[in-house]
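Step one of this worksheet: look at the structure below.
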Amino acid sequence: MNESPVLRLDGVHKSYALGTPAELEVLHGIDLTLDRGEFTALIGPSGSGKSTLLNVMGLLDRPTTGEVWIAGAASARLDEAQRTQLRGRTIGFVFQYHYLLPEFTALENVMMPMMAAHGRPDRAMRETAGGLLAEVGLADRAHHKANDLSGGQQQRVAIARALAMSPALVLADEPSGNLDTQSADAVFDLLRKVNEVQKTTFLIVTHDPRLARRCDRIIELVDGRIVNDRPNVREMHQADALDQTPSGYASGNPEGSRAANGVTAFVPSNRTHSSNCAGSTARK
């Protein structure tokens, strides 16, 4: 039996100010499928509808017409409580800004999706959150307040929070946009490692062509329409590149391999909680 796509959009349109002289259609009949384990970049100029599309994909907004399927479940006829439940079970979010709660520690921030789904914190939640922080290289920062962390560390906490409920799909909106190049590379490498180890599906919105070229598929959105959807064959994996060149770069293409940047290798943990909560409903 074939596995259902993690995400499927059928004929999705999105308009604002319906029935008024200011009515504006932002998305024009989007058809899109993401399968388990895909690592995809979504690119396009500012104003092309990327954030609108991401909100529709993440069930943060409803399409005007069309259907959004998440892990085989149709969402159009669901009420808000049902949409929230489906989003919580299946989707994680990483935004350009981390949206951590500054009065809470890193550990407590990672626990937030689990608490939203299951209620008061317990030992299992703390163990899960602690394991995720270890996996993103922040075990020694678990009890630091969010404001006491660097920008790169805050974004890694946000990634751990997005993974707290073992999502099938992670939607990342410019996840490294506020970071310096080295921190951005470290965050990207972490997302890739999660993808490779856990087979989590990622859709990453980015304006950085260097990062887009390191994804396996590139979708280009222009004026609310998909104008290009192509596989992106990377020249070789990092290990192959390291075997063949002293610098660790793929031959003739330094963007073809992924720099380690000191990020702890992602090791799968035994997760206590098996469904995913969105963690944050903030929009851009």
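At a glance:
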quantity	calculated
Residue match in region 31-40 (condition: under 20 Å from His207 (Cβ atoms) and among the β-branched types (Val, Ile, Thr))	yes
Region 30-52, subset out of contact with any Ser or Thr (no Cβ under 9 Å at 6 or more places or on another chain) and small (Gly, Ala, Ser), residue surrounded by the fewest Cβ atoms within 10 Å (Cβ to Cβ)	Ser46
Close pairs from region 99-124: first over 11 Å from Ala146 (Cα atoms), partner among the polar types (S, T, N, Q) and in a loop (DSSP other than H, G, I, E, B), Cβ under 8 Å, at least 6 apart	Pro113/Asn276; Ala117/Ser275; Ala124/Thr272
Odd one out for Asn55 among (1) closer than 30 Å to Ser183 by Cα; (2) in contact with a strand residue (DSSP E or B) (Cβ under 6 Å, 6 or more places away or on another chain); (3) open to solvent by 20 Å² or more (accessible area, probe 1.4 Å); (4) polar (S, T, N, Q)	(2)
Residue count, region 163-191 (criterion: under 22 Å from Pro113 (Cβ atoms) and out of contact with any helix residue (DSSP H, G or I) (no Cβ under 8 Å at 6 or more places or on another chain))	1
Matching residues, region 153-187, being assigned to a helix (DSSP H, G or I), modelled with pLDDT of 90 or more and open to solvent by 10 Å² or more (accessible area, probe 1.4 Å)	Gln153, Gln154, Arg156, Arg161
Selection count, region 27-45, where residues are assigned to a strand (DSSP E or B) and either touching a Gly at 6+ places or on another chain (Cβ under 6 Å) or of a type in the set (D, E, K, R) (or both)	4
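The values are calculated or read from the model by the stated rules, or taken from the named source; none is laboratory data. Just so it is clear, the structure is predicted and the values come from calculations on it, not from any experiment. Cβ atoms come from the backbone with ideal geometry, glycine included; neighbour counts cover every protein chain shown. To get the accessible areas, we keep the full protein, side chains included, count just its heavy atoms, and leave off ligands, DNA and RNA. Shrake-Rupley method; radii C 1.70, N 1.55, O 1.52, S 1.80 Å.
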